[in-house]
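Participant: Before we start, here is the structure in question, set down as structure tokens.
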Amino acid sequence: MTDKLLKQHKRLLEQQHKLPYTINLDGETFTIILYTKLSKVSGVTVFNSNDEPATIKEAEAVVNCIQKYNFYFEYLGKRAHVVKERDSIIAEKIEQTQLILNDNTIFGEQMQPTIDELNLAMEVYKQQQRKMDIYQDDITLLNEKIKMQGEILEEDWLSAENLSVAFAKAAYAQTIYLEATRKNRKQLAKWFHLHQKSLPTDKQKALSKIIAVLSDTNAGLVFDQIISLRPLLEEGLMIDHEQSLTQQAAEFNKEFETHCRFYKPNINKVKNLIRQ
């Protein structure tokens with residue numbers, strides 16, 4: 001494509017970005033130029049292998065492919081922006097301080113169920129976070145592979161789809177258990193405030209540490225940020241929230257996987273951005 005053609009499409013105060021990969025459709029290779037203004041996409045131009053602007057039909061098909069790839073990692077992108085990788089740090093802190101919650105001689109019959117629920121939620125959080133850390137590394141490697149080869153191969157679409165499903169399943173399990181035990185964290189803090197003087201020094205210190213980790217300004221803040229993204233995970237799905245947590249997770253896994261496998265972008269959302 002020529003600079004003259006690009007200048008014809010570029011508008012005042014816009015920046016142009018060439019995607020580091022091409023899209024292949026029906027044996028034809030297409031290059032994509034995105035235009036941004038104030039960090040938001042303001043337009044897109046698609047060129048065929050002859051460096052000529054694609055037809056509107058071709059451009060829409062190419063933009064649909066871009067939308068689909070972006071959909072696969074939309075939740076991950078939003079989560080990275082909101083949580084900023086503090087989720088893995090919190091998982092490590094919980095691992096280091098959680099052992100005291102396994103001591104069922106401390107809390108008494110009335111409080112023990114609250115502690116058991118909280119302890120289970122923390123286990124789910126840690127286990128799913130370990131999975132997501134691995135998936136995120138795999139996604140990074142996939143994007144690097146695509147950038148190096150300069151195109152998205154058929155195998156890459158399948159990998160992106162599988163990673164999207166796996167990441168969402170882990171994130172959803174984490175989210176619903178965290179949301180269900182918000183009150184448990186506060187009840188633990190309240191119980192400790194009332195009973196700490198009667199506890200042996202070692203157990204008092206151990207409980208103080210986990211409560212500090214789970215406080216509203218530490219893990220609690222990150223948990224709330226993760227919970228706030230639940231609507232994004234459930235968008236387009238019909239989940240019965242009256243079920244048990246295990247049933248909700250199982251229903252989400254089934255619904256989201258089907259939604260992801262058969263996802264079709266809505267071209268009308270971005271049709272006006274296409275420039276010829």
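The values are calculated or read from the model by the stated rules, or taken from the named source; none is laboratory data. Computed from a prediction, not measured in an experiment: that's the story for all the values here. Each accessible area value is taken on the protein alone, full model and side chains, heavy atoms only, with ligands, DNA and RNA left out. Shrake-Rupley method; radii C 1.70, N 1.55, O 1.52, S 1.80 Å.
Participant: Calculate for the chain the 222 nm mean residue ellipticity that helices alone would give, adding -39,500 (n - 2.57) per DSSP H run of length 4 or more and normalising by residue count, nearest 500 deg cm²/dmol.
Facilitator: Values: 11 runs with 173 residues, N = 276.
Calculated from helices alone, the mean residue ellipticity at 222 nm is -20500 deg cm²/dmol.
Participant: What list of ³J(HN,Hα) couplings, whole Hz, do you get for the stretch 156-172 from phi and the Karplus terms 6.51, -1.76, 1.60, once you set θ to phi - 60° and write x for glycine and proline?
Facilitator: Working through the residues one at a time gives 6, 4, 5, 4, 4, 5, 5, 5, 4, 5, 4, 5, 5, 4, 5, 5, 5 Hz.
Participant: Return the long-range amide H neighbours of T29 (sequence gap of 5 or more, or a different chain), with a cut-off of under 5 Å between placed amide H atoms.
Facilitator: Those lying under 5 Å, H to H, from T29 are S49.
Participant: Output the pairs from K40/K68; K78/K203; K169/K190; K40/K254 with a Cα-Cα distance over 30 Å in this structure; if there are none, say none.
Facilitator: On the way: K40/K68 18 Å; K78/K203 39 Å; K169/K190 33 Å; K40/K254 34 Å.
Table pairs above 30 Å Cα-Cα are K78/K203; K169/K190; K40/K254.
Participant: What number comes out for accessible area per residue over the stretch 72-266 if the probe is 1.4 Å? Units Å², please. The partial results should precede the final answer.
Facilitator: Details: 10600 Å² over 195 residues.
Value returned for the stretch 72-266: 54 Å² of accessible area per residue.
Participant: Among DSSP bridges having both ends in the chain, what percentage is antiparallel? Round to the nearest 5. Could you put the intermediate results ahead of the total?
Facilitator: Details: 15 of 18 bridges.
If I count the DSSP bridges inside the chain, around 85 percent turn out antiparallel.
Participant: Further, regarding this structure: Quantify, in whole percent, the carbon and sulfur part of the accessible surface of the stretch 72-266 (1.4 Å probe; protein heavy atoms only).
Facilitator: On the way: 5670 of 10600 Å².
Accessible surface attributable to carbon and sulfur in the stretch 72-266 totals 53 percent.
Participant: If you average over every viewing direction, what projected area does the convex hull of the Cα atoms of the chain give, in nm²?
Facilitator: If you wrap the Cα atoms of the chain in a convex hull and average its projections, you get 17.5 nm².
Participant: Still on this structure, I have one more. Let me check against my output: what whole-number percent is the relative contact order of the stretch 72-266, with C-alpha pairs under 8 Å and at least 6 apart? Write out the running numbers ahead of the final one.
Facilitator: Working: 154 pairs, mean separation 59.8, N = 195.
After rounding, I find 31 percent.
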